[in-house]
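Each remark here refers to the structure printed beneath this line.
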Amino acid sequence: MSLVESPRAVVTGAGSGLGRAFCLELKKRGARLVCADIDEAAAQRTASEVGGTAVRCDVARIEDVEALAAAAERALGGVDLVVNNAGVAVAGPVGEVPLDDWRWIMGVNLWGVIYGCHVFAPRLRQQGRGHILNVASAAGLLSPPGMAPYNVTKAAVVALSETLNAELKSTGVGVTVLCPTFFRTNIGKNARGSDPKQAAFVEKMMARSKIQADDVARLALAAAARGELYALPHADGRWMWRLKRWAPSQFVSVTAKVATRLTR
């Protein structure tokens, strides 16, 4: 199996939210951890909770990701699991979202995962085992209106994961892409350009979800352990993805109508 027991693991965006949940769940599984975050103090808090090593890392900088790999080598003697989790959000209509916001989200959500795969995949391939878990979103599968920058980055992460999975198929290295819907996280509060009505809707959906960050982390790691490429922990995400594949044109029409109602 590509996801070994008691793995040596690197988690980005580990300072809070889902990243912290991954670290806590991995600790239960006997993992040794490197907890990376652009907020060094937050990374240190998580590392203290799990007995891991904290590393400040801006995933939008290749130099930082290379330094992260070097730090993991020193602390753990290698890596068995990489969780490319760090992410941000940008909302708003195409043509109105500032290009600087597009560049910002591309740097973190897309280039951060590209850099993580670029740096760690060769190491895992060389050792003949390991697993890469890329955190995307159901938004990358469903493309809801008003979220183009976020959708684009997450759809690209899905495509990258599918490609990498095929490339690594015979190497002993596995790939899983995680596509959750709503659960409590700070990503909405820190988002750029979100409409107040849209933000309120997102917060409501996050709060009412029966599957929260700790569940998402647990289910994602279980999917990785089973060697599954796609991890969709929320039932609404799974059903909407099925509906889109079954009736794509109708699905787009329905989402457009729903988005119009939400913004009234």
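Just so you know, all these numbers are worked out from the coordinates, no wet-lab data involved. Owing to the predicted nature of the structure, the values given are computational and were not obtained by experimental measurement. All Cβ positions, even for glycine, are placed from backbone atoms using ideal geometry, and neighbour counts span all protein chains on display.
For Arg74 and Ser249, compute 0.36 nm times the residue count separating them, minus their Cα-Cα distance, and round to one decimal in nm.
Gain on extension, Arg74 to Ser249, equals 57.9 nm.
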**Report entry** Peptides 10-16, 172-178 ordered by average Cβ neighbours within 10 Å, highest first
**Finding:** 10-16, 172-178
Query - Cross-link table Lys154/Lys257; Lys28/Lys154; Lys210/Lys244, entries beyond 26 Å C-alpha to C-alpha - result: Lys28/Lys154
Report summary line: Extension length gain for Lys257 and Glu5 (0.36 nm per residue less Cα distance), in nm, is 86.1 nm
Query - Spin-label pair Glu162/Glu63, simplified geometry with 7 Å Cα→Cβ offset, distance in nm - result: 3.6
Query raised in the report: Whole-Hz Karplus ³J(HN,Hα) for segment 86-99, in order, using 6.51 cos²θ - 1.76 cosθ + 1.60 and θ = phi - 60°, x for Gly and Pro?
Result: 3, x, 9, 9, 9, 10, x, x, 4, x, 10, 5, x, 4
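Counting other Cβ atoms within 10 Å of each Cβ, which GluC sites (Glu not before Pro) in segment 1-61 have at most 14 and sit in a DSSP loop?
Glu5
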Requested in this report: Return one number: the angle in degrees, 0 to 90 and rounded to the nearest 10, between the long axis of the Cα atoms of helix 112-127 and the longest principal axis of the Cα atoms of the chain.
Outcome: 30
Query - Computed E for Asp236/Lys169 - FRET, C-beta separation, R0 35 angstrom, nearest 0.05 - result: 0.70
Report summary line: Taking the chain and counting helices only, DSSP H stretches of n ≥ 4 at -39,500 (n - 2.57) each over all residues, the nearest-500 ellipticity at 222 nm comes to -16500 deg cm²/dmol
Query raised in the report: Under 5 Å between amide H atoms, partner at least 5 residues away or on a different chain: which partners does Tyr230 have, H built in plane at 1.01 Å?
Result: Val177
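Provide the net charge surrounding Ala67, with neighbours chosen by a C-beta distance below 11 Å and charges set as Lys +1, Arg +1, Asp -1, Glu -1.
-2
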Report summary line: Classified through the alpha carbon gyration tensor (a ≥ b ≥ c as square roots of its eigenvalues; rounded if a/c is under 1.5, else prolate when a/b is larger than b/c, else oblate), the chain comes out prolate
Query raised in the report: Using modelled backbone amide H atoms (1.01 Å from N, in-plane), which distant-in-sequence or interchain residues come within less than 5 Å of Gly92's amide H?
Result: Met147, Ala148
Query - Between helix 248-262 and the chain: long-axis angle, C-alpha atoms, 0 to 90°, nearest 10 - result: 70
Requested in this report: Measure nothing but the geometry: give the 0 to 90° angle between the long axis through the Cα atoms of 213-225 and the longest principal axis through the Cα atoms of the chain, rounded to 10°.
Outcome: 60
Query raised in the report: Across segment 5-11, in residue order, what do the Karplus-derived ³J(HN,Hα) couplings come to in whole Hz, using 6.51 cos²θ - 1.76 cosθ + 1.60 with θ = phi - 60° and x for Gly and Pro?
Result: 6, 6, x, 8, 10, 10, 10
